[in-house]
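Peer 1: Sharing a structure here in structure tokens format.
The values are calculated or read from the model by the stated rules, or taken from the named source; none is laboratory data. Because the structure is predicted, anything quoted here is derived from the model rather than measured. We place every Cβ from the backbone using ideal geometry, glycine too, and count neighbours over all the protein chains shown.
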Amino acid sequence: MSMNMEAGMDMSAEMRAWVSPSLIEANYILSLSRQELQEVIREEMFSNPALEMEDKETCPVCGGVIEGQFCPTCLISQQADRQETSYEDFPEVLTQQTANGIADDEFDPMTLIASEQSLHEQMLSDVRTLLEDDEVPIAEWLIESLDERGYLGGTVEAVAADLRVAPDTVEEILGLVQQIAPVGVAARDVRECLLLQLTYLERNGAAIPPAVRRIIEDHLDDLGAHKYGYIANMLGIGTDEVEEARDFIRGQLSPFPLQSQEARSWKSPTTAPYVAPDVIINLRDGDFVVEVVEARHFFLRINPMYETLASTLGQKAPAETITAGVSDADKKHVREYSSRAKLFIANIHQRRETLRKIALCLVDLQGDFLRGGVRELRPLTRAVVAQQVGVHESTVSRATANKYVMLPSRRVIPFSDFFTPSLSVKDVIKEMIVKERAKGHPLTDREICSRLLQQGIRIARRTVAKYRAELGILPSTMR
């Protein structure tokens, strides 16, 4: 028996997707927000000696580069423009000038932006309007004693003893705090919390099962233990009425008042971050003008010495040239960091151009929205924009994620709003609810759904409920 073993080499053509490191870097730069890009540029300049930022004076009006004493874009002398500026139109300029008219370099424009109040600060600010000066410390004590659920930590008697005031005074001020706070906040226990919410619903004419109040006042622990038959016997009602009251308590009342929907609409628990627009859309002479903001701030270039050495090393030059005394390690250093700087600058320019093309496409497709407001927002997908711009859909997603646009109305919105047609429906729903408040007839989700259908907007009732919740609006039974 014999075996023949042969070794050979066969070549065949095969297509395989391959992502280059430069493409990965370009996609990473494209996905960064403006603030993140600033940090990446700072880190790259720190680690790459061949990369530097060119200092250029920019026009405070249009952001263009100033050549000499004039801005070629505005064609206005900056000195003359400064003299003609009206402080009545821009009162904040007064805070940036010293006695001799020179701007103070240490002025921080962020000081002009009001800081967001915490929930405790807002509650205290509201209750101060109802109190005398000597009563404010009591309110401060009570509000600062609230835990994360919204309950009062401690008793009225303890607070009165610590502050050396009468318990009746503390009780009266606690009642005022409970009135101005989200419904149920500043209660001393679960029973009082639920009763505060129930009283609020009764005062607003909500339909409440008759057994709810008696069950909360006398049989709350039994309800938690599911003793429905016992409660029915004690109150002389049927178990179906107990179950109806149970369902109402579960659906309309919350044992954690600071985590309820009403509290979220009264004061958002999240801190609103400061955002800066990545793209600015202006309306000039009836036409939209798109500007990528980073173009005004980032003037990157390769260090002239590195650029000269890199170009010289790429040529077949005689030994007496500038590279005669340069070691091989130095040549490698120059080539590596110069190439790295060129790639980084190219990625920055590509990011800027991609953002500009996408913004121009959005201006063409959503021009009515930019002129007429959210009601004119039309359904639009990222795939459509990608087809118009000539890039992949994933590129549009990366370019628009976590980025913001300033509209001609000076309002800053996320890029994602251009692809959210439900915003126009939400605005219609919000307008309906605002109008019905004036008439004193809260619209149910089903009624809103019917009115939308009359306007040619066909959506399900559960979708109306979802949009209403996203707007922070309570159900009709609680409005």
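Peer 1: What residue, among those in the stretch 219-246 that are closer than 25 Å to Thr155 by Cα and surrounded by fewer than 14 Cβ atoms within 10 Å (Cβ to Cβ), is nearest to the chain's Cα centre (by Cα)?
Peer 2: Gly224
Peer 1: State whether one or more residues within the stretch 150-169 are within 35 Å of the chain's Cα centre (by Cα) and among the basic types (Lys, Arg).
Peer 2: no
Each row is one residue, and each column tells you yes or no for (1) modelled with pLDDT of 85 or more; (2) among the aliphatic types (A, V, I, L, M); (3) not assigned by TED's automatic domain parsing to the domain that holds Tyr306.
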| site | (1), (2), (3) |
| --- | --- |
| Glu336 | yes, no, no |
| Ala346 | yes, yes, no |
| Ile358 | yes, yes, no |
| Phe369 | no, no, no |
| Leu377 | no, yes, no |
| Ala383 | no, yes, no |
| Gln388 | yes, no, no |
| Glu393 | no, no, no |
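Peer 1: Tell me whether the stretch 143-150 contains one or more residues that are in a helix (DSSP H, G or I) and modelled with pLDDT of 80 or more.
Peer 2: Yes: the stretch 143-150 contains one or more residues that are in a helix (DSSP H, G or I) and modelled with pLDDT of 80 or more.
Peer 1: In the stretch 350-370, how many residues are exposed (fewer than 14 other Cβ atoms within 10 Å of the Cβ) and free of Cβ contacts under 8 Å to residues at least 60 places away in the same chain?
Peer 2: 3
Peer 1: Still on this structure, I have one more. For the stretch 325-367, give me the residue count where each residue is more than 24 Å from Asn27 (Cα to Cα) and of a type outside the set (Lys, Arg).
Peer 2: Summing the residues that are more than 24 Å from Asn27 (Cα to Cα) and of a type outside the set (Lys, Arg) in the stretch 325-367 gives 12.
Peer 1: Working only within the stretch 459-471, note down all residues that are closer than 22 Å to Arg250 by Cβ and either of a type in the set (D, E, K, R) or modelled with pLDDT under 75 (or both).
Peer 2: Arg461, Arg462, Lys466, Arg468
Peer 1: Which one of the conditions (1) under 30 Å from Ala181 (Cβ atoms); (2) at pLDDT below 90 does Asp278 fail to meet, given that it meets all the rest?
Peer 2: (1)
Peer 1: Related question: Given the criteria more than 30 Å from Val279 (Cβ to Cβ), at pLDDT below 75 and either hydrophobic (A, V, I, L, M, F, W, C) or outside the structural domain of Cys361 (by TED's automatic domain parsing) (or both), does Glu436 qualify?
Peer 2: Yes, satisfied.
Peer 1: Pairs only if they're at least six apart or on different chains, beta carbon under 6 angstrom, first in the stretch 162-180 and assigned by TED's automatic domain parsing to the domain that holds Leu146, second assigned to a helix (DSSP H, G or I) and loosely packed, with under 14 Cβ neighbours inside 10 Å; list them, first residue then second.
Peer 2: Close Cβ pairs (under 6 Å, with a partner that is assigned to a helix (DSSP H, G or I) and loosely packed, with under 14 Cβ neighbours inside 10 Å) amount to Pro167/Glu157.
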